[in-house]
Amino acid sequence: MRNFWTLCLLLSSMMGWAQTDTEHTDSNQPVDLVRPLVDAANSRWFFFNSATRPFGMVNLSPDMGIEGAWNSGYRYNQDTIRAFSHIHAWQLSGIPVLPTTGPFKGHLGSALYGSAYSHDNEEVRAGYHQLFLKDYQVNAELTATTRVGFHRYTFPANVESHIQVDLSTFLGPCDTKSGYVKMVSNQDVEGHALMAGTRRRPNDTYVYFVLKFDKPFESYRSWKGGNINMAREISGEDIGAFVSFESAAQEVRMMKVGISYTSIENARLNIKEELDHWDFDRVVRESREEWNSWLSRIEVAGGSLESRQRFYTDLWHALQGRRIISDANGAYCDMTGAQPVTRQIPLDKMGKPAFNHYNSDSFWGAQWTINTLWHLVYPRVSEEFVNSMLLMYEDGGLIPRGPSGGNYTYVMTGASSTPFIVSAYQKGIRGFDHEKAFIALEKNHSQDGIMARSGYEHGSAIGGGMQYYLERGYIPYPLPNGGGGYHECGSGQTLENAYQDWCLGQYAQSLGEKDAAGRYALRARNYRNIWNDSLGWMWIKRADDSWAKPNDILAYGKGWVEGNAAQLSWFVPQDLRDLAQLMGGEEKAIDKLNHSFELAQAHDFTSGKSHDKETTMQNRRTYINYGNQPSMQTAFIFNYLGAPWLTQKWSRRVVDEVYSGISPQRGYNGDEDQGLMGSLAVLMKMGLFSMRGGAATNPTYEIGSPIFDKVTIHLDPDYYQGDTFVIESKQDGHTPYIQSSTLNGRPWNQPWLYHSELVKGGVLQLDMTSKPNHSWGADLDKRPPTFNFDAE
């Protein structure tokens, strides 16, 4: 019988479900070039995406690994599907479902009810996922709207077919603490899951759901503590429910799963607003069209097919991970206090929510990634995120640096949201309360703010070392009376704080707050306090003002946030010329950095090709690591020191070694981090970067080494006056170096341009060669501006 069904499957694949939008699979539309399986063997819980929309509340996909935030979710090399769950977010999961046949096993746990599958019977595209559950002979297809998961299952002939929802399982980063399920009718089930708090997200978080079925089911049962019962309504720990029916051969059953963080009623409303029909193929088409619209904001031409596929996969990731948590009507759950409170986003003139509220991992490193990409290409998204942060400030008193389900997490260090908000304002993205933002950011940069807390420090405000930072201008390591959080890494925190202070000073200057601007300009120089002149690197200071011993610049952590002294010594984006002077002058700084790249080249500029490799101490002893945020800017430093050709050389080699290929076995060399590394890859491949994160009063972009013949950026007319900005590079084979350039037909002998110039639209033409031009952009008056209080 099984062999017969397998034959039917193959025939149906050619004639039926596999035809869903197959006419698009070989096209050159950006959406069809996306390869969601890149690096899928190394997935973190929130990394993998298939059946989802841009920033969608629902991120529906199969789960092979379900225990832990790492090595979980979709794992390409694992052979068993445990569930299809609807939330793959920062520190949050929820609503795992699965179709099955035969004797029911859902109450026995995922280790027993999972199913084998094969990549040979699997199709994964932007907005769509199909695979065949071998154990149950069920073909499963998944797609989604923003807040609703949509399932289409093709069952075999079986007197016992089921669809289950398991509210008893551990799921990725968190356990299912308890739940509630109720049968409303023979086509309608509703309930909630209470997802347990974690070390990072301390408050338990409710996820409400409604399951709607296109056909009546014959029976409904539930379980509690591993025992099946007939209760139509059940609540508590270790529960679940399932619907059952007899299925004919190749019978199709569909299910909608609406979710909400506020109520069952709003989960139901989200279905009504977004999915009021049962046309599965229509939703797949609409998802494809929406993704194509977003991805087509950047068009690339030239290069290999694989390089274009990888580019749009990178861009796809840049629009993922950080997810909507508000309902279609603008309701959202405020979890900043002791108890959840449902609140309302302001409505616009049309009665629609003025913006969405978001869940997000840290903005640590965003100044070199999503700040630049989103502000330039998706400014409306940036504006929504700023308003979302300010909304959380109104509710809880702090701008977050990585909220989860409405909770503060205090992820990572410093005030990493500051560069994001400041750079949005500086680039003309100003649909938010500027004065409120300044007040909120000033608080964040104080002893009472988020800068005072180290990673996941919920019960105190010591680990940020702000008392020392404000009094002495540096944070010591180890921190006296510390230990309350992660990343208490004094010198690393000092460098981050100094840059973020510079950003806030630039904002103050733009708002006419001269006293504040001067205050933060002084704090922006605090990096000098940890410069060890005899060592020639930034170094670790102890609380007694002595230097730490021994002097091991490659030692990971212990004073450095997810890096070492060799990597973090370059973290002075606000004033690289001053850093060069500390190093003995520009030539010595160039030699030091170039030598670091030469050494890092031996290990492909990373600490390993996957997270399990990058966590080994020996692999972490590296000068440059493009598998994590601390080294992101290093290749572009040469532009500031009079050696743009080295920026072109090393940025191109990093792209070739770190951000190329479309294999499931590698791709982001450690942690893609909710669009940060995807955004970086996109920018480097376009040949654009922003060293200071766009936070200067007059923001700039630096020029690198584009890999495509032509890049066209479609500018948003609601924010920018230009239509398109085009980067044309005449290339022939491996030609990473700029020989000469023009901007709108004028000679352009500098490796940077102002944001205000770029968004007018125009054409930057680069003549690329295989040999470096050491003089192009090298003169002192051609270098990008730096520090710049009252200088721009």
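The values are calculated or read from the model by the stated rules, or taken from the named source; none is laboratory data. Predicted model only: the values in this text are computed from it and were never measured. All Cβ positions, glycine included, derive from the backbone under ideal geometry; neighbour counts span all protein chains shown. Accessible surface areas use protein heavy atoms only, side chains included; no ligands, DNA or RNA. Shrake-Rupley method; radii C 1.70, N 1.55, O 1.52, S 1.80 Å.
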Review point. Quick one: how many residues across the stretch 230-272 are free of Cβ contacts under 8 Å to residues at least 60 places away in the same chain and within 24 Å of Val341 (Cα to Cα)?
Key: 4
Revision key, fill the gap. Considering residues that are crowded, with 20+ Cβ neighbours inside 10 Å, free of Cβ contacts under 8 Å to residues at least 60 places away in the same chain and within 17 Å of Leu167 (Cβ to Cβ), the number found within the stretch 198-219 is 1
Review point. Do we find that Ser61 is modelled with pLDDT under 95, small (Gly, Ala, Ser) and not in a loop (DSSP other than H, G, I, E, B) in this structure?
Key: no
Practice item. Output the residue which, of all residues in the stretch 380-426 that are small (Gly, Ala, Ser) and in a helix (DSSP H, G or I), is most open to solvent (accessible area, probe 1.4 Å). Key: Gly396
Point to revise | Cross-chain or 6+ apart pairs with Cβ under 6 Å, the stretch 152-180 first and closer than 26 Å to Asp279 by Cβ, then among the basic types (Lys, Arg) | key: Tyr153/Arg253
**Study point:** Hits in the stretch 427-442 - residues which are open to solvent by 20 Å² or more (accessible area, probe 1.4 Å) and more than 21 Å from Pro379 (Cα to Cα)
**Key:** Ile439, Glu442
**Study point:** Per-region count, the stretch 312-337, residues over 13 Å from the mean Cα position of the chain (by Cα) and charged (D, E, K, R)
**Key:** 2
Study note, to complete from the structure: Checked the stretch 585-610 for anything open to solvent by 50 Å² or more (accessible area, probe 1.4 Å), assigned to a loop (DSSP other than H, G, I, E, B) and at pLDDT 95 or above; matches are none
Review point. If you go through the stretch 437-485 one residue at a time, how many are more than 18 Å from Phe363 (Cβ to Cβ) and assigned to a helix (DSSP H, G or I)?
Key: 8
Check your understanding: Can you spot a residue in the stretch 559-574 that is acidic (Asp, Glu) and assigned to a helix (DSSP H, G or I)?
Key -> no
**Study point:** Scope the stretch 513-531; condition over 25 Å from Asn481 (Cα atoms) and of a type outside the set (Lys, Arg); matching residues
**Key:** Glu513, Asp515, Ala516, Ala517, Gly518, Tyr520, Ala521, Leu522, Ala524
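Give the stretch 282-295 a look and list any residue that's open to solvent by 30 Å² or more (accessible area, probe 1.4 Å) and either over 17 Å from the mean Cα position of the chain (by Cα) or on the phi > 0 side of the Ramachandran plot (or both), or say none.
Of everything in the stretch 282-295, those that are open to solvent by 30 Å² or more (accessible area, probe 1.4 Å) and either over 17 Å from the mean Cα position of the chain (by Cα) or on the phi > 0 side of the Ramachandran plot (or both) turn out to be Arg282, Arg285, Glu286, Arg288, Glu289, Glu290, Ser293.
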Practice item. Kindly provide the set of residues from the stretch 699-725 that are part of a loop (DSSP other than H, G, I, E, B) and touching a Pro at 6+ places or on another chain (Cβ under 8 Å), ordered by number. Key: Ser705, Asp716, Asp718, Tyr719, Tyr720, Asp723
**Study point:** Subset of the stretch 239-256 [of a type in the set (D, E, K, R) and either in contact with a Leu (Cβ under 6 Å, 6 or more places away or on another chain) or buried (at least 16 other Cβ atoms within 10 Å of the Cβ) (or both)]
**Key:** Glu251, Arg253, Lys256
Review point. Restricting the search to the stretch 523-552, which residues are farther than 15 Å from Trp570 by Cα and either open to solvent by 40 Å² or more (accessible area, probe 1.4 Å) or at pLDDT below 95 (or both)?
Key: Ser534, Arg542, Asp544, Asp545, Ser546, Trp547, Lys549, Pro550, Asn551, Asp552
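Where residues in the stretch 213-232 are part of a strand (DSSP E or B) and farther than 17 Å from Ser168 by Cα, which of them is farthest from the chain's Cα centre (by Cα)? Can you show your working first?
Applying the first criterion (part of a strand (DSSP E or B)) to the stretch 213-232 yields 213, 219-224, 227-229.
With farther than 17 Å from Ser168 by Cα added as a condition, the list becomes 213, 219-220.
On the way: Phe213: 33, Ser219: 41, Tyr220: 39 Å.
Across the stretch 213-232, the extreme among qualifying residues is Ser219.
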Study note, to complete from the structure: Residue pairs qualifying under the 9 Å Cβ cut-off, at least six apart or on distinct chains, with the first in the stretch 444-461 being open to solvent by less than 10 Å² (accessible area, probe 1.4 Å) and the second being among the aromatic types (Phe, Trp, Tyr) and part of a loop (DSSP other than H, G, I, E, B), are Ile450/Tyr408; Ile450/Tyr410; Ser454/Tyr410; Gly455/Tyr410; Glu457/Tyr410
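Could you grab me the full set of residues in the stretch 150-193 that are small (Gly, Ala, Ser), more than 35 Å from the chain's Cα centre (by Cα) and buried (at least 20 other Cβ atoms within 10 Å of the Cβ)?
If we filter the stretch 150-193 for residues that are small (Gly, Ala, Ser), which is where we start, we get 157, 161, 168, 172, 178-179, 185, 191, 193.
Checking the rest, the ones that are also more than 35 Å from the chain's Cα centre (by Cα) come to 157, 161, 185.
The answer is Ser161, and nothing else.
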Point to revise | the stretch 644-663, residues that are open to solvent by 30 Å² or more (accessible area, probe 1.4 Å) and either assigned to a loop (DSSP other than H, G, I, E, B) or touching a Cys at 6+ places or on another chain (Cβ under 8 Å) (or both) | key: Ser660, Ile662, Ser663
Review point. Residues of the stretch 274-284 being part of a helix (DSSP H, G or I), in contact (Cβ under 8 Å) with a residue 12 or more places away in the chain and over 24 Å from Ala331 (Cα atoms), which ones?
Key: Phe280, Asp281, Val283, Val284
Practice item. Mind listing whichever residues of the stretch 462-478 are touching a residue at least 40 places away in the same chain (Cβ under 8 Å) and open to solvent by 10 Å² or more (accessible area, probe 1.4 Å)? Key: Tyr468, Arg472, Tyr477, Pro478
Review point. Pairs, please: C-beta under 6 Å, at least 6 apart or cross-chain, first residue among the aromatic types (Phe, Trp, Tyr) and in the stretch 509-537, second assigned to a loop (DSSP other than H, G, I, E, B)?
Key: Tyr527/Val572; Trp537/Ile553; Trp537/Ser569
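Suppose the filter is touching a Lys or Arg at 6+ places or on another chain (Cβ under 9 Å), open to solvent by 40 Å² or more (accessible area, probe 1.4 Å) and over 30 Å from Gln574 (Cβ atoms); does Glu299 pass it? Quick ask: steps written out before the conclusion?
On the way: touching a Lys or Arg at 6+ places or on another chain (Cβ under 9 Å): yes; open to solvent by 40 Å² or more (accessible area, probe 1.4 Å): yes; over 30 Å from Gln574 (Cβ atoms): yes.
Against the criterion (touching a Lys or Arg at 6+ places or on another chain (Cβ under 9 Å), open to solvent by 40 Å² or more (accessible area, probe 1.4 Å) and over 30 Å from Gln574 (Cβ atoms)), Glu299 qualifies.
Counting only residues that are acidic (Asp, Glu) and in contact with a Gly (Cβ under 8 Å, 6 or more places away or on another chain), which one in the stretch 476-523 is nearest to Arg542 (Cα to Cα)?
Glu488
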Study note, to complete from the structure: Within the stretch 749-761, residues being surrounded by fewer than 21 Cβ atoms within 10 Å (Cβ to Cβ) and under 21 Å from Gln648 (Cβ atoms) number 5
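Sort through Ser85, Ser43, Ser61 and tell me the only one that's in contact with an Asp or Glu (Cβ under 7 Å, 6 or more places away or on another chain), open to solvent by less than 10 Å² (accessible area, probe 1.4 Å), under 26 Å from Ser663 (Cβ atoms) and touching a residue at least 24 places away in the same chain (Cβ under 8 Å). Break it down into steps so the answer makes sense when it comes.
Working: Ser43 fails: in contact with an Asp or Glu (Cβ under 7 Å, 6 or more places away or on another chain); Ser61 fails: in contact with an Asp or Glu (Cβ under 7 Å, 6 or more places away or on another chain).
Selected residue: Ser85, the only one of Ser85, Ser43, Ser61 that is in contact with an Asp or Glu (Cβ under 7 Å, 6 or more places away or on another chain), open to solvent by less than 10 Å² (accessible area, probe 1.4 Å), under 26 Å from Ser663 (Cβ atoms) and touching a residue at least 24 places away in the same chain (Cβ under 8 Å).
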Practice item. Return the residue satisfying two criteria in turn: it lies in the stretch 575-584 and is in a helix (DSSP H, G or I) and open to solvent by 20 Å² or more (accessible area, probe 1.4 Å), and of such residues it is nearest to Ile637 (Cα to Cα). Key: Arg577
Point to revise | Check on Ile271, in contact with a strand residue (DSSP E or B) (Cβ under 7 Å, 6 or more places away or on another chain) and outside any helix (DSSP H, G or I) | key: no
